[in-house]
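One structure is given below, encoded as structure tokens.
Derivation of every value follows stated rules applied to the coordinates shown; laboratory data play no part. Being a predicted model, the structure only gives us computed values, none of them experimental. Virtual Cβ from ideal backbone geometry, glycine too; neighbours counted across all protein chains shown.
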Amino acid sequence: MIFLQIGSNIGDRYSNLMTCIKNIELLIGKIINKSKIYVSECWGVKNQRDYFNMVVAIKSIYDPLKVLKIISIIENDMGRIRKKKWGPRTIDIDILFCGKQIIKSKELIIPHKHLDQRMFVLRPLADIAPFFIHPESKKNIKQLIKECKDDNKVFEYEL
């Protein structure tokens, strides 16, 4: 099971998430579960529009590096421009977990190195996998939420 975090803060954020989900299913693998959508303040760089965020769980035949390459294609096709770190984006897709794998390479770090510090990742992740155990910390998602010091506002989006 691969967990992906999806975020958008440029354009029609809701529509961007829905298009991204379709692209993930078309190009990466079957979506097994998806979280609610959350609205959150920017993390890292302020003075940006709030993000819409969600997490999806997928089954894929591809290895994590291939998934990363496909993610980059999806982001580029959806208009992502990489100008500055943590800058605004049409779509952002991060690999959070690939099962229990731990990968530390120049191209990819799994589990995602900041996920336990970001409430906008943990809240949606808890919707679909509250008892999933982080392979490095050995703590489940509910425990990571209790310990998270991120005080940025994160609230459920209502259609």
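Summing charges over all other residues whose Cβ lies under 12 Å from the Cβ of LEU125, with Lys and Arg as +1 and Asp and Glu as -1, gives +2. Using a simple spin-label model with pseudo-atoms 7 Å out from Cα toward Cβ, LYS66 and LYS100 lie 2.3 nm apart.
May I ask which residue of ALA57, MET18, LEU159 lies farthest towards the positive end of the charge dipole of the chain, with charges of +1 (Lys, Arg) and -1 (Asp, Glu) on Cβ and the Cα centre as origin? Farthest towards the positive end: ALA57.
Counted by Cβ distance under 13 Å from GLN101, the other residues give a net charge of 0, where Lys and Arg count +1 and Asp and Glu count -1. Placing a label point 7 Å from the Cα of ASN76 along the Cα-to-Cβ line, no residue of the range 102-118 has its backbone N under 15 Å from it. Counting only residues at least eight positions apart within a chain, or on another chain, the aspartates and glutamates with an alpha carbon under 15 Å from that of LYS36 are ASP127, GLU156, GLU158.
What you get for the chain, charging only the Cβ of Lys and Arg (+1) and of Asp and Glu (-1), is a dipole of about 380 debye around the Cα centre.
The lysines within cross-link reach of LYS46, meaning a Cα-to-Cα straight distance under 16 Å and a gap of 8 or more places when in the same chain, are LYS83, LYS84, LYS85, LYS153.
Once percent of Cα pairs over 23 Å apart is calculated for the structure shown, the corresponding label among (i) 46; (ii) 32; (iii) 43 turns out to be (ii).
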